[in-house]
1. So, in nm, how far is label Arg116 from label Leu137 when the simple model puts each one 7 Å beyond its Cα toward the Cβ?
2. Using a Förster distance of 45 angstrom, determine the FRET efficiency expected from the C-beta separation of Lys43 and Ala102, and round it to 0.05.
3. When the Debye formula is applied to the Cα atoms of region 42-158, each taken as the same point scatterer, what base-10 log of I(q)/I(0) results at q = 0.14 Å⁻¹?
4. What length, rounded to one decimal in nm, is gained on full extension from Glu95 through to Ala65, with 0.36 nm per residue of separation minus their alpha-carbon distance?
5. Could you work out the relative contact order of the chain, using alpha carbon pairs under 8 angstrom and six or more residues apart, expressed as a whole percent?
6. Note the per residue figure in Å³ for the convex hull of the C-alpha positions in region 11-100.
7. As a footprinting exposure proxy, order Ile152, Ile23 by other Cβ within 10 Å, with the fewest listed first.
8. Bins of 5 Å, beginning at zero and ending with the bin holding the largest distance: percent of Cα pairs per bin for region 92-145, please.
Amino acid sequence: MALLAIEGERSGYELAKAVENAIGHIWSPARSGLYACLPRLAKFGLARVRRSDKPRYGISPAGRAALEAWFERVEPGARETVFLKLFLGGLTTDEVLLRHLAQFRKDVETRLAGYRAIERTNSNRGHDWYHRHLLVLGIESAERELSWADRIERALRRGPR
């Protein structure tokens, strides 16, 4: 639905090309999945379809409402969803994104606290020596994610330059 909200009325092929151009370097959904999803969205009233030589889909008012509700829903532990919502941030408000970042930060801080607790018990000998390598990766990754969240929060509060 977000793609329909961003791209406007398009055919399945045009939407697949838009995805490929926007995020194909990171993620590329199967075209068959996109083509199968569009008629289902229309069936449930979340998209409208206009027939010509090939069906063209656009987001419906119910689809836009469902998309807004999805943006508003903050879910603990939904790391990838936060990334997706940030990627689609132009469809919502910075205040909504800041709420998602606050939950993301809380989740990462909880994970980091768990790693720190394990770190105190890791002897760095025997099997622990091997375990420590992954533990350090987890700690460094969590610290990097917190730093990233700080930068994004500042950017959202400041706005585009």
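What follows draws every value from the coordinates through simple rules; no lab data is involved. Here the structure is a predicted model, which is why all the values come from computation and not from measurement. Here the Cβ positions follow ideal geometry from the backbone for every residue, glycine too, while neighbour counts run over all protein chains shown.
1. Reported label-point gap for Arg116 and Leu137 is 2.3 nm.
2. On the way: r = 36 Å, r/R0 = 0.80.
For R0 = 45 Å, the calculated efficiency reads 0.80.
3. The Debye formula, applied to the Cα set alone, gives -0.72.
4. Details: separation 30, 0.36 × 30 = 10.80 nm, distance 1.77 nm.
Between Glu95 and Ala65, full extension yields 9.0 nm more.
5. On the way: 132 pairs, mean separation 29.4, N = 161.
After rounding, I find 18 percent.
6. On the way: hull volume 10.0 nm³, N = 90.
Each residue corresponds to 111 Å³ of Cα convex hull volume.
7. Details: Ile152 19, Ile23 13.
Ordered from fewest to most neighbouring Cβ atoms within 10 Å, Ile152, Ile23 come out as Ile23, Ile152.
8. 5, 19, 22, 17, 13, 8, 7, 5, 3, 1, 0
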